[in-house]
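The values are calculated or read from the model by the stated rules, or taken from the named source; none is laboratory data. Remember, it's a predicted structure, so these values are computed and weren't measured experimentally. Don't worry about glycine lacking a Cβ; one is built from the backbone with ideal geometry, like all the others, and counts go over all protein chains shown.
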């Protein structure tokens, strides 16, 4: 029986989405993610620093957050670390409008957003 109430987004899913939105809540992180996506190749921190015009420690801190959110993958190569977009995770990122407007969100069982997958 329909009591007129809408279903509320599952709390665990809402927490995950909130983490994704927090990861993108900084303009420098958005720039870094955009750069990695448009370059379509792994990049070093130094290469990213040259493009976004902020210091290396700042870029490294932002890359850490993007990596923790699984938007970016990191691969150690010798003494360098190469960063690239995690296409599987970015492709499942819902738009804010979809979530807010109650459009169906993908089930996490159907989405492979883990690093290395």
> Out of curiosity, is residue 9 surrounded by 10 or more Cβ atoms within 10 Å (Cβ to Cβ) and more than 19 Å from the chain's Cα centre (by Cα)?
Replying inline: yes
> In the list 6, 38, 57, which residue meets the criterion of being part of a helix (DSSP H, G or I) and modelled with pLDDT under 95?
Replying inline: 38
> Which of the residues that make up the range 36-57 are exposed (fewer than 14 other Cβ atoms within 10 Å of the Cβ), within 22 Å of residue 20 (Cβ to Cβ) and out of contact with any strand residue (DSSP E or B) (no Cβ under 9 Å at 6 or more places or on another chain)?
Replying inline: 38
> Quick check: anything in the range 12-31 more than 24 Å from residue 88 (Cβ to Cβ) and either crowded, with 16+ Cβ neighbours inside 10 Å or modelled with pLDDT of 90 or more (or both)?
Replying inline: yes
